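Laboratory data are not the source of any read-out in this text; all were calculated from the coordinates shown. Keep in mind that what you see is a predicted model, and the values were worked out from it rather than measured. For neighbour counting, all protein chains shown are included, and Cβ atoms are generated from backbone atoms with ideal geometry for every residue, glycine included.
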Amino acid sequence: MTLNFAKSGENELTEMRERIKKMRHLFVQLLKEYGAEQDFSFIIEQNGMFSFSGLTGEQVDRLKEEFAIYAVRSGRINVAGITEDNIHYLCESIVKVL
């Protein structure tokens, strides 16, 4: 039973890792499609649940004030919180503050 539990946990981590990787690729693709001139391809190479976006503190402030999108002022974003339901709004909003 312990072996099955460990295998199940391992499978869940693999699924989560793949979903985050997929969101990173889609995020970069959609930013470009929505008109971002800045190259965000470096985000694809990053790992983990968070990513440094390259956004300035002022741009992060505008995202919060104008679009109710929250990020750390350093530009760090929670990639694990990006879903297919919110990614278009996120990318469209980011392009508007660039």
Kindly check whether there is at least one residue in region 32-55 that is in contact (Cβ under 8 Å) with a residue 60 or more places away in the chain, part of a helix (DSSP H, G or I) and out of contact with any Pro (no Cβ under 8 Å at 6 or more places or on another chain).
-> no
Take region 72-83 and flag every residue that is surrounded by fewer than 18 Cβ atoms within 10 Å (Cβ to Cβ) and either part of a helix (DSSP H, G or I) or in contact with a helix residue (DSSP H, G or I) (Cβ under 8 Å, 6 or more places away or on another chain) (or both).
-> Val72, Arg73, Ser74, Gly75, Ala80, Gly81, Thr83
Gln29 without any contact (Cβ under 8 Å) to a residue 12 or more places away in the chain and either surrounded by 12 or more Cβ atoms within 10 Å (Cβ to Cβ) or not in a helix (DSSP H, G or I) (or both) = yes
If you go through region 84-97, how many residues are crowded, with 17+ Cβ neighbours inside 10 Å and not in a helix (DSSP H, G or I)?
-> 0
Here the residues within region 80-98 that are over 16 Å from Glu33 (Cα atoms) and among the hydrophobic types (A, V, I, L, M, F, W, C) are Ala80, Ile82
Residue among Arg24, Arg62 that alone is closer than 15 Å to Val97 by Cα and part of a helix (DSSP H, G or I) = Arg62
Whichever residue in region 44-71 is more than 18 Å from Asn86 (Cα to Cα) and of a type in the set (A, V, I, L, M, F, W, C) and, among such residues, is surrounded by the most Cβ atoms within 10 Å (Cβ to Cβ) | Leu55
Residues of region 56-83 satisfying the condition of being under 24 Å from Glu15 (Cα atoms) and touching a residue at least 24 places away in the same chain (Cβ under 8 Å) | Arg76, Ile77, Asn78, Val79, Ala80, Ile82, Thr83
Just one of Phe67, Phe52 is aromatic (Phe, Trp, Tyr) and over 12 Å from the mean Cα position of the chain (by Cα); which is it?
-> Phe67
